[in-house]
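Since every read-out is calculated from the coordinates, none of them should be taken as a lab result. Not measured: the values here are computed from a predicted model. All Cβ positions, glycine included, derive from the backbone under ideal geometry; neighbour counts span all protein chains shown.
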């Protein structure tokens, strides 16, 4: 399975477009490119039953951030809000991410 060039990266501020957390904002903590998914802080939280082990002395029910598909996320531009991502080549040949609405550099 080939993976396409991802437009969202770790540390990006995103907003959820669909699902149970629609409209919520968060920061990407991890991207899983082989599944086209990302883990966003505070989004798509599931309850997990954790057994008490020697590493984690206390068991119980913990909240865990689960992956969400990249198609359900939109990047937040600092100046114009949620937007799509485009790419431009600089004069020296470096590819940069830009906002599709205002053209501002997002890197």
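Observations on the structure shown:
- Pairs are defined by a Cβ separation below 9 Å, a sequence spacing of at least 6 or placement on different chains, a first member in segment 84-101 that is free of Cβ contacts under 8 Å to residues at least 60 places away in the same chain and at negative phi, and a second member that is loosely packed, with under 10 Cβ neighbours inside 10 Å and not in a loop (DSSP other than H, G, I, E, B); the pairs so defined are 95/89; 96/89.
- Residues of segment 20-33 classified as assigned to a helix (DSSP H, G or I) and exposed (fewer than 12 other Cβ atoms within 10 Å of the Cβ), total: 0
- Within segment 21-31, the set of residues being over 10 Å from residue 68 (Cβ atoms) and touching a residue at least 12 places away in the same chain (Cβ under 8 Å) comprises 24, 25, 27, 29, 30, 31.
- Residue list for segment 81-96, filter: closer than 13 Å to residue 13 by Cβ and touching a strand residue (DSSP E or B) at 6+ places or on another chain (Cβ under 7 Å): 82, 83, 85
- Residue count for segment 34-64, restricted to those that are under 15 Å from residue 11 (Cβ atoms) and either touching a residue at least 60 places away in the same chain (Cβ under 8 Å) or not in a loop (DSSP other than H, G, I, E, B) (or both): 3
- The single residue among 6, 75, 17 that is within 10 Å of the chain's Cα centre (by Cα) and surrounded by 10 or more Cβ atoms within 10 Å (Cβ to Cβ) turns out to be 75.
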